[in-house]
1. Give me, ordered by chain and number, the residues 5 or more places off A:E283 or on other chains with an amide H under 5 Å from its own placed amide H.
2. If a/c stays under 1.5 just call it rounded; otherwise compare a/b with b/c (prolate if a/b is bigger, oblate if not). Do that for segment A:243-326, with a ≥ b ≥ c from the square roots of the Cα gyration tensor eigenvalues.
3. Distance between the C-alpha centers of segment A:3-71 and segment B:18-32? Whole Å please.
4. Relative to the longest principal axis of the C-alpha atoms of chain B, give the angle of the C-alpha long axis of helix B:39-50, reported between 0 and 90° and rounded to the nearest 10°.
5. For peptide A:190-200, what's the mean number of Cβ atoms from other chains within 10 Å of each residue's Cβ?
6. Would you calculate a helix-derived [θ] at 222 nm for chain A, using -39,500 (n - 2.57) for each DSSP H run of n ≥ 4 and dividing by the full residue count, to the nearest 500?
7. Convert each backbone phi in segment A:210-217 into a coupling constant with the Karplus relation 6.51 cos²θ - 1.76 cosθ + 1.60 (shift: θ = phi - 60°), then list the ³J(HN,Hα) values in order as whole Hz, x for Gly and Pro.
8. Please list, ordered by chain and number, the residues whose modelled amide H lies under 5 Å from the amide H of A:D104; skip anything fewer than 5 residues away on the same chain.
Amino acid sequence: MRKVGVIGAGMTIFRRRLQETGKEMCFEATRMALDSAGLSIGDVDMVVNGTAPDAFDGVHMKGEYLLDGCGGYRKPYTRVFTGGGTGVFSTIAGWWHVASGLADVVLVVNEEKMSSCQPHPQSVFAHIWDPILDRPLKPNLVWIFAMEMNRYMTVYGIKKEDIARVAVKNKRNAVGHPCAQLADANITVDDVLKSEVMAWPVQRLDISPPSDGASAVVLASDDFIRRRRIKDRAWISGVGWCIDSTMWTDRDLVFPEYVARAAKMAYGMAKVRDPRREIDFAEPYDPFDYKELHHLEGLLLAKKGEAPTLTREGVTQRDGDLPVCPSGGLMGVGNPIAATMGMKIGELFWQLTGQAGKRQIPHEVRTGVSQAWGDLMQYGCVVVMRA
Amino acid sequence: MTARVAKWPGVELSAADLLEGKVTQTRFRPDAKYAWSAGEAISRFLEELQAGRLIARTCHRCERILFPPRMFCEECFRPTDAWTYIRDTGTIETYSVSYLDTDAKRISEPILVGVVSLDGASPKMGMMHYFGEMTKDEIRIGMRVRAVWRPAEERKGSVLDIRYFRPLREGER
């Protein structure tokens, strides 16, 4: 397998509603990623598009719909989709295009435009459930998070205020992010605990709301990077992905086993033997505050039930021993589902190449891990990157 | 963040921009209808619900009692072997107290909803359902519960043939 590096990244601002169409958002993010890599569209061999359920945009065959904005026409082009996991998975798909030797340069472009769905994208989330077993109960997507969060809190005796600390950390971290929708320099744990109860234990400030946005990254082979003398690059040294059964009422929601399996695959490839010691910072998927904790445990960066302790002790702050979501994450920057690649892969690239500006981790970081989560509480994917 | 990029693209719109027609928009409402064949396992499961019973499938290789029932075992990757009834009592594995309906609209009387693992099925196997005859302050993980069935003439062969799960009463097993 060939060595693959990330050499450029771009993203739009994330907002509840953007004026641009999905194609235009893709074009802007893609052009920015190419500009930052110093490449033109002619340098690109193949394109991967990542975008979540078609029903948000209201256009089936969304990959085909977004194609021109992704720079993919008259090129080998594929759309991939793994639910919320698409934010990291599309980069894994881009990686195998280059690692296999099929392509030298691959563009990965992710998009989500949730505002098109009226009055609220929640109504199309209803279509992800099993039509016979679950849908007659009229489930709301927030329920599954609430049920998982409650199980996690109850089994380990975790207090809500320890979970709220994650929301506070990430919304404060996002203050330095130029695209952030949900940054708040003054938010407190009390604000989170006093916010509206939506589906207990989930309160309004435990959630990242719907959003519009696009992001793009450029991947290239080590040959190409050497030949073009590209200095700003971060290497993809391990990838992993795994999915659990659709029968979600048949498994204990307290631990994301599928994330642990994906992490072990990625760590094995990257030769990471002791993740807690060898991983310098992490961008786990945080659409809800407790998910960051749940995923830190799945990523084997904290023992089961102990991620809240790391957060309380400040270990996961930007200047802590294991900075977590220094970008501000989904909780702070926003959650246009697949486009969260801008924080998960983009942030690893910017941090590892020293381009994160106000968000730059103050000590040297050489190895980072990012992770996304999706489908019906069953899918995990992991990328390890090195400076 | 990168020296070559100065502008972060995107133009924000407010809800009012849309409502007041300040933005050019087109509208569309899909009119799609679906009818799902329930398949062999779930058809039997629904028939049994109408009769007021819960049924599972067993796999003789892994010796699991699979609920909801299926015609193949995803673990052993072979056809399952036999039908078996399980009980309509179980344990609350997790729950939520929801102030949101399906469309994320706010409701004042919360819905109690969660996952029940059922007695007689393999550990942790169960279904999502509502809870009743208990308050939001009484419900807890680990609570023992029993199905409250609709009257036989009102059942339609649906998970809604169970109205909700209620707490087990004293002396009940």
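Nothing in this text is a laboratory measurement; each read-out follows from the coordinates by a stated rule. Since the structure is predicted, the reported quantities are computational estimates derived from the model, not experimental observations. Methodologically, a virtual Cβ is constructed for each residue, glycine included, from the backbone with ideal geometry; neighbour enumeration extends over all protein chains shown.
1. Those lying under 5 Å, H to H, from A:E283 are A:C325, A:V369, A:S370, A:Q371.
2. Details: a/c = 2.18, a/b = 1.31, b/c = 1.66.
Note, shape of segment A:243-326 comes out oblate.
3. One Cα centre to the other: 24 Å.
4. Once rounded, one gets 70 degrees.
5. Values: counts 0, 0, 0, 0, 0, 0, 2, 5, 7, 10, 8.
Other-chain Cβ atoms within 10 Å of each residue's Cβ, averaged: 3.
6. Details: 16 runs with 134 residues, N = 387.
Roughly -9500 deg cm²/dmol at 222 nm, from the helical runs in chain A.
7. x, 7, 10, x, 9, 8, 8, 9
8. A:D45
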